[in-house]
1. Which shape class, rounded, prolate or oblate, goes with the range 46-162 when its Cα gyration tensor gives a ≥ b ≥ c as root eigenvalues, a/c under 1.5 marks rounded, and past that a/b bigger than b/c marks prolate?
2. Return the sequence-ordered ³J(HN,Hα) values of the range 180-196 in whole Hz as given by the Karplus equation 6.51 cos²θ - 1.76 cosθ + 1.60 applied to θ = phi - 60°, using x for Gly and Pro.
3. For ILE119, ILE139, what's the fewest-to-most ordering of other Cβ within 10 Å of each Cβ?
4. Take the Cα of LYS68, step 7 Å along the line toward its Cβ, and report every residue of the range 134-154 whose backbone nitrogen sits under 14 Å from that point.
5. Specify the inter-centroid distance of the range 133-183 and the range 65-112, based on alpha-carbon positions, in whole Å.
6. Output wanted: per-residue J couplings in Hz (rounded whole) for the range 107-117, from phi through Karplus 6.51 cos²θ - 1.76 cosθ + 1.60, θ = phi - 60°, x for Gly and Pro.
7. For every other residue with a beta carbon closer than 13 angstrom to the beta carbon of PHE109, add +1 if it is Lys or Arg and -1 if Asp or Glu, then tell me the sum.
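Readers should treat all values here as calculations from the given coordinates under stated rules, not as data from a laboratory. Please read all numbers here as calculations on a predicted model, not as lab measurements. So basically every Cβ, Gly included, is an ideal-geometry build from the backbone, and we count neighbours across all protein chains shown.
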Amino acid sequence: MCLSVVLLPIRYNKTVMMTFSQEESRGKHVIGIDEVGRGALAGPICACACILETNLSFHKNFTIRDSKTMTPRQREKTAAWLQKNSMSFIAECDAQTIDEIGISEANKFVLKTVAEAAIQHVNDPETKVFVDYFTLSGIATISVPKAERIHISVASASILAKVYRDSHMKELAQGYPHYGWYTNMGYGTASHREAIKIFGLSPKHRRTFTSSFVKQP
């Protein structure tokens, strides 16, 4: 199984503020977990666990919300702040592994990997662990549908995961310029699908995601 885990060792800085929901605020730390890239035709699925201190305070001009509702510039600015004010773990599962084990198992695998890493790092039984939608076997998580819209910890994880994966796809785009990954990030845009029909599949494509519209090798 092809999995990479990235530890972003970050110091805490209490000078910039953020707000937590009432449920998140109980305890010293809170962990938010989210993933990106589930529906893409190419590239990895990535998950992030973001550890925040619940006594951080809020700056009204600072944007932390669901990454899908933010511009790339907003995400990058917020991710830069989070990388200085939180501890984050990121795991990714590549396209070949997704084809081998299926997207649902790959999704759960990266989520559980970062959850276990973050929980071990905090080592505090009172820590709240929030995750979007999924339940993870053997881990006491609080599963909340659309959690990235409700819990600032999950929104933070969604931003870090999105910025990390986008950067990775832009790097991959340099070796595979035909597919437009620099802008579509591997998702199934019309131009991306047309490029697959013309140039075929790359080693970074998920063959189980493209079988409906392109002949498999």
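1. Numbers: a/c = 1.84, a/b = 1.30, b/c = 1.42.
It comes out oblate by the Cα gyration axes.
2. Rounded to whole hertz, the list is x, 5, 4, 10, 8, 6, x, 7, x, 5, 4, 5, 5, 4, 5, 5, 5.
3. Numbers: ILE119 20, ILE139 14.
Neighbour counts put them in this order, fewest first: ILE139, ILE119.
4. 134, 145-150
5. 3 Å
6. Karplus values, whole Hz, x for Gly and Pro: 4, 4, 5, 5, 4, 5, 4, 6, 4, 5, 5.
7. Numbers: positive: ARG38, LYS108, LYS112; negative: GLU35, GLU92, ASP94, GLU100, GLU105, GLU116.
That sum, taken over residues with Cβ under 13 Å, equals -3.
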